[in-house]
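One structure is given below, encoded as structure tokens.
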Amino acid sequence: MRKLFITLAVLAVILVGLDIGGRIFAENKLASELGKQAELPTEPTLDIGGFSFLWQVVDGNYEHLALTLPNVTVGKFADVAADVDAYGVALTIGDVVGGNIDSVTAQKVTVRAAVPFTSLAKAFDTPQITLSAGDSSTLLIKSTLATGGRTYDITAQVSPTIRKNVLYLKADKVVDSSGIPAALATRFLSGLTVQYPLQGLPVTIDAGQATVIGDSLVLSASSLDVPIGSLLQ
């Protein structure tokens, strides 16, 4: 009986080693393939969740794949940090070994992309502006304008929304104008109502939320029954 226990213990160690080693191989292989096909400047990292990896390989279904992209360009926005989570992923062992993602599907995919204020400010045609957080759903945009030999400080509130993979920024109102002429304030506001396509993410955000968190504008969305290959188009 003692020999049986020892044998089982050794077998368990071997299986754990295979589980860990196989998981690492699959994570690196698929992350590399995703980075190449999406032509990403920095190779992403991929974590395969769920227990155990070997059982998921045999079953061909994975509970959770977490993809992290630390530095991507999304439209006009640089230095965007994006996280993509895929749940209920159908993936055969042949797909893992071959790095094949074209036929892989996920029951649900969520994406979260953080656009830093510094990057967002550079995308505006209006010079010398700084961004800060309003409430959780608005931005405050500040600038200094000059006219008639005088300078004025101005702050406007802007609301972000997402529709059909386009970020819309709509100027709501001036919240601080320091006596600025009305015509100048109106021109400033008109330059803050803009739209930016969101090409460059490994997912298409047909509809989602734009939330102000810290010093970033965070774009988030989820989709059901998503072909993994389509995430790179």
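The values are calculated or read from the model by the stated rules, or taken from the named source; none is laboratory data. Values in this document were obtained by computation on a predicted structure and should not be read as measured data. Heads up, the Cβs are rebuilt from the backbone with ideal geometry, glycines too, and the neighbour counts pull from every protein chain shown. Ligands, DNA and RNA are excluded from the accessible area calculation, which covers all protein heavy atoms including side chains. Shrake-Rupley method; radii C 1.70, N 1.55, O 1.52, S 1.80 Å.
Summary table below
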| read-out | value |
| --- | --- |
| Largest-first ordering by accessible area, 1.4 Å probe, given options 206, 125 | 125, 206 |
| Residue 135 accessible area, 1.4 Å probe, all protein chains in place, Å² to nearest 10 | 90 |
| Exposure of residue 150 as accessible area (Å², to 10), given a probe of 1.4 Å and all protein chains | 140 |
| Alpha carbon Rg of the range 134-223, scaled by the compact-globule rule 2.2 N^0.38 Å | 1.27 |
| Accessible area of residue 143 in the full protein assembly, 1.4 Å probe (Å², nearest 10) | 10 |
| Stretch gain in nm, segment residue 43-residue 105, where the contour uses 0.36 nm per residue and the Cα spacing is subtracted | 20.2 nm |
| 217, 54, 184, ranked by accessible area, largest first (probe 1.4 Å) | 54, 184, 217 |
| Label-point separation, residue 199 to residue 187 (7 Å along Cα→Cβ), nm | 3.2 |
| Listed residues 162, 213 arranged by accessible area, highest first, probe 1.4 Å | 213, 162 |
